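Q: My questions will all concern the structure given below.
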Amino acid sequence: MNHIVKILLLCLFVSSLPFSMEARPFRRDQLPNGKAIDNAGCINCHLSAAGGDSRNPFGQTVAADFVQGAAGNVTWIAELAWLDSDGDGFTNGEELQDPTGVWRIGDPDPGKANLVSNPGDPGSMPSSGEMRRLVLNFKDMTPHIGQKIELRIVDKADESEAGRSMRPSVPGAEFSIALNALEIGHSYWIDFYADLSGNGRYDAPPADHAWRLEVNNVQDHVTLDFTHNVNLTDIMWPADGLHDFTLRLNDMTPHVGQLFELRIVDRDSDEEVARRSIPEIQNAVFEVNIAAILSNEGNYHVDFYADLSGNGSYDAPPADHAWRLDINGVEDDVTLDFTHNVNLTDIMWPAADLHDFTLQLNEMTPHVGQLFELRIVDRDSDEEVARRSIPEIQNAAFNVDIPAALVHEGNYRVDFYADLSGNGSYDAPPADHAWRLDINGVEDDVTLEFTHNVNLTDIMWPVQDEAPYDFRLNLTDMTPHVGQLFELRVVDADSDEEVARRSIPAIESAAFEIELPDILEESHNYNVDFYADLSGNGEYDAPPADHAWRLTINDAHGPIELDFTHNVNLVDIQWPGATDVNDVLVGDPRALIIRPNPVSEATTIRFELTASSLVELHLFDLHGRLAWTRSLGYRDVGVHEFQWSGPNRRFPALTPGTYLLRVQAGKDSRQQQVLWSTR
């Protein structure tokens, strides 16, 4: 059945045409180095150079998310470059010599053509030349799925960096990263971290999880296996692509003793990237230093003022003295010299309505290894404005930082507890240890210090709605099917509706996991159907042609984890035929209706289906990390609305900022930016 979905527009419906299986050689020109492997054929995306047959893993990725328009033009962007479609450890961008996805149609091909490899063939990897290849195989990385991960190789002899690789989002519990960066006879540190804090950059543990491995006296290609653990190391990761800023001010005598404030604004995005405040200027000559803040090739305004009026806030000149300097095309650290003058500018300084919060905890030794949770509640409205959860306290002293959480002049209570009972949820003291602190009349950023004590308080931590629950299937001994297509779907046995589906183009190892968040409803019964494409024809055939199995879930209560070991107790699961239409969502991608937007508490996501389809929602931050997801199951023809209220049990906190909401229907998707705030 052809599945066609259209996004409901305010007054207009825009259609798009399906992306067919036929070969389209012009797409080679829409990829960096697209002709380097096969100048005349379609081997980049298909299993054969002639094209028109089944797509390879890279072709499947492109078809699913990176094709636009009736002609089926390929969109080469960073999101596609950062993926590792064929699972060989090298990203699509690394294989096509454009690791960050900056190449555009009409640009010269990047890198070296002789180093290009096929991003859809796991047996094709960039040539190492005289270098030796490092392959790092990751296991049990579930705690970091959706988080940014970075790796770099450092030569022990001179501490020079030999190579670096980044993935904007950990794709699963098991994956690989590969680099051609090792020289024979050299020894290296292998440093890598997962961005647990979610701020897009490295922070020393425990804020981020970081590790160091060693390779000594390299003689050949090196393969290392790493299993997630909490034996963390501060690897002192250097700032990548960011430059320091210094403003040197002279002859500021007229303003000694006055408030001074400075902020840096990205001219391209109009976003503030840094702010500094000096309560009282001490000397006529002074400096303002901000480390690792300017992006390479960035353009910025530097706005600053002295509070000549003395009222503690900005007033347009001449009441206050204010100036603007510009920075164009950053290439290195930037130092500006400024001498006081009266060439004043109204810099339209924004009111600082939101303030940061920090809780510094000490002597928490009794709770190391335990769950820790904190929430901030507005005392005037009794609304929760922020929440943080730490699965395991790592050290006796640690901080909890929540940026832009407190409103000016607001009053708050800060509730937090350590899960002394170890049951994974809050219990009133003394079963768990819990405390409450108050914040009154916020005027600036707030830092509270707390030392462990037994002055406990029942903070009546709210119980969140537990359903829907997560599902996980652990598969072992799948050696007979390595390299084969694997598909799984979960069906509500009571309504016979499919609630989720996953497809793996090629099973990579004998043991792997499938995780489906937020799909199981309380007390419902489910069939878990899955098969391996033993016949190799790319679709389901009843056993024994393919191997297929069914597991059952009865009366679901809480998250469900099932273990499966390969066997030949096969079942005809009567897998439904997949749609042959790739453009499921029809319409202008910008026309997805999300109201209200910005979102402070809840919003409505609205779309219309002209045929039934499996629909999923995914929320990504601007670094490509998965921040929230929900399967809506199969939806019938008609207009549908989904009420989204931000954080849930699996994703308990969202930092205020801009996100990308993607509506996924079948193999097609549409997306739109969403601004999330806590108020």
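Q: Inspect all residues belonging to segment 157-173 and state whether any of them is hydroxyl-bearing (Ser, Thr, Tyr) and without any contact (Cβ under 8 Å) to a residue 60 or more places away in the chain.
A: Within segment 157-173, one or more residues are hydroxyl-bearing (Ser, Thr, Tyr) and without any contact (Cβ under 8 Å) to a residue 60 or more places away in the chain.
Q: Using the structure shown, decide if GLU261 is open to solvent by 70 Å² or more (accessible area, probe 1.4 Å) and either modelled with pLDDT of 90 or more or farther than 21 Å from GLY93 by Cβ (or both).
A: The answer is no for GLU261.
Q: Six or more apart or on different chains, Cβ under 8 Å: which pairs go from a residue in segment 67-83 that's of a type in the set (Asp, Glu) to one that's modelled with pLDDT under 75? Could you list them?
A: GLU79/ASP65; GLU79/GLY101; GLU79/GLY624
Q: Tell me, which strands (runs of 3 or more DSSP E) wholly within segment 415-496 include 3 or more residues that are modelled with pLDDT of 90 or more and aliphatic (A, V, I, L, M)?
A: 433-439
Q: What tally of residues in segment 172-189 results from selecting those that are over 13 Å from ASP84 (Cα atoms) and outside any strand (DSSP E or B)?
A: Residues flagged as over 13 Å from ASP84 (Cα atoms) and outside any strand (DSSP E or B) within segment 172-189 amount to 6.
Q: Search segment 330-344 for residues that are at pLDDT below 90 and pair each with any residue that is of a type in the set (A, V, I, L, M) when their beta-carbon atoms are under 9 Å apart and the residues are at least 6 apart or on different chains.
A: VAL330/LEU294; ASP333/LEU294
Q: Still on this structure, I have one more. Testing ASP401 on (1) out of contact with any helix residue (DSSP H, G or I) (no Cβ under 8 Å at 6 or more places or on another chain); (2) surrounded by 14 or more Cβ atoms within 10 Å (Cβ to Cβ); (3) over 25 Å from LEU232 (Cα atoms), one condition comes back false. Which one is that?
A: For ASP401, the failing item is (3).
Q: Can I ask one more? Does ASN289 meet the test of being at pLDDT 90 or above, among the polar types (S, T, N, Q), over 15 Å from ARG152 (Cα atoms) and open to solvent by 60 Å² or more (accessible area, probe 1.4 Å)?
A: Taking the combined requirement at face value, the residue does not satisfy it.
Q: Looking at segment 554-571, I want the residues that are touching a residue at least 12 places away in the same chain (Cβ under 8 Å) and have a partner that is of a type in the set (Lys, Arg) and surrounded by 15 or more Cβ atoms within 10 Å (Cβ to Cβ) with Cβ atoms under 8 Å, at least 6 apart or on another chain. Which pairs are those?
A: Within 8 Å, the pairs are PRO559/ARG472; ILE560/ARG472; GLU561/ARG472; LEU562/ARG472; VAL571/ARG550.
Q: Keeping to segment 158-171, report how many residues are open to solvent by 30 Å² or more (accessible area, probe 1.4 Å) and either outside any strand (DSSP E or B) or among the hydroxyl-bearing types (Ser, Thr, Tyr) (or both).
A: 5
Q: Quickly run through segment 367-398 and pick out the residues that are closer than 30 Å to GLY312 by Cα and either in contact with a helix residue (DSSP H, G or I) (Cβ under 6 Å, 6 or more places away or on another chain) or open to solvent by less than 30 Å² (accessible area, probe 1.4 Å) (or both).
A: Matches in segment 367-398: ILE376, VAL377, ASP378, VAL385, ALA386.
Q: Quick one: in segment 207-232, of everything that is in a loop (DSSP other than H, G, I, E, B), closer than 30 Å to ILE402 by Cα and in contact with an Asp or Glu (Cβ under 9 Å, 6 or more places away or on another chain), which residue is least open to solvent (accessible area, probe 1.4 Å)?
A: Here the residue is ASP208.
Q: If we scan segment 536-559, do we find a residue that is modelled with pLDDT under 90, in contact with a strand residue (DSSP E or B) (Cβ under 7 Å, 6 or more places away or on another chain) and under 25 Å from ALA627 (Cα atoms)?
A: The answer is yes; a qualifying residue exists.
Q: Scan segment 348-357 and tell me whether some residue there is touching a residue at least 24 places away in the same chain (Cβ under 8 Å), within 19 Å of ASN440 (Cβ to Cβ) and outside any strand (DSSP E or B).
A: Yes, segment 348-357 contains a residue that is touching a residue at least 24 places away in the same chain (Cβ under 8 Å), within 19 Å of ASN440 (Cβ to Cβ) and outside any strand (DSSP E or B).
Q: Can I ask one more? Just name the residue that is farthest from ILE278 (Cα to Cα) out of those in segment 302-341 that are in contact with a Pro (Cβ under 8 Å, 6 or more places away or on another chain) and either open to solvent by 40 Å² or more (accessible area, probe 1.4 Å) or part of a loop (DSSP other than H, G, I, E, B) (or both).
A: HIS340
Q: Answer yes or no as to whether GLY577 is closer than 20 Å to GLN60 by Cβ and at pLDDT below 75.
A: Criteria met by GLY577.
Q: Tell me which residues, restricted to segment 172-190, are under 26 Å from GLU513 (Cα atoms) and open to solvent by less than 40 Å² (accessible area, probe 1.4 Å).
A: Scanning segment 172-190 gives GLY172, ALA173, PHE175, SER176, ILE177, ALA178, LEU179.
Q: Can you say whether MET364 is of a type outside the set (D, E, K, R), open to solvent by 60 Å² or more (accessible area, probe 1.4 Å) and either closer than 26 Å to SER600 by Cα or modelled with pLDDT of 90 or more (or both), as far as the supplied structure shows?
A: no
Q: Continuing with the same structure: For segment 84-141, what are the residues that are among the aromatic types (Phe, Trp, Tyr) and open to solvent by 60 Å² or more (accessible area, probe 1.4 Å)?
A: The answer is none; no residue qualifies.
Q: Right, here's the next one. Taking the stated definitions as given, is PHE471 surrounded by fewer than 22 Cβ atoms within 10 Å (Cβ to Cβ) and touching a residue at least 12 places away in the same chain (Cβ under 8 Å)?
A: no
Q: For segment 387-408: of the residues being aliphatic (A, V, I, L, M) and assigned to a strand (DSSP E or B), which is modelled with the lowest pLDDT?
A: If we take residues in segment 387-408 being aliphatic (A, V, I, L, M) and assigned to a strand (DSSP E or B), then ALA404 is modelled with the lowest pLDDT.
Q: Right, something else. Which ones in segment 256-302 are of a type in the set (Asp, Glu) and farther than 22 Å from GLU443 by Cα?
A: Once the filter is applied, which keeps residues that are of a type in the set (Asp, Glu) and farther than 22 Å from GLU443 by Cα, segment 256-302 yields ASP266, ASP268, ASP270, GLU271, GLU287, GLU297.
Q: Inside segment 472-492, can you point out the residues that are under 13 Å from ASP533 (Cα atoms) and not polar (S, T, N, Q)?
A: Result: MET478, PRO480, HIS481, VAL482, GLY483, LEU485, PHE486, GLU487, LEU488.
Q: Take segment 359-393 and flag every residue that is among the hydroxyl-bearing types (Ser, Thr, Tyr) and within 21 Å of HIS408 (Cα to Cα).
A: Residue satisfying the conditions is SER381 alone.
Q: On the basis of being over 18 Å from GLU449 (Cα atoms) and in contact with a strand residue (DSSP E or B) (Cβ under 9 Å, 6 or more places away or on another chain), does GLU383 make the cut?
A: Yes, satisfied.
The values are calculated or read from the model by the stated rules, or taken from the named source; none is laboratory data. From a predicted model like this one, the values you see are computed outputs, not experimental measurements. Glycine gets a Cβ as well: all are built from the backbone with ideal geometry, and neighbour counts include every protein chain shown. For accessibility, only protein heavy atoms count, side chains too; no ligands or nucleic acids. Shrake-Rupley method; radii C 1.70, N 1.55, O 1.52, S 1.80 Å.
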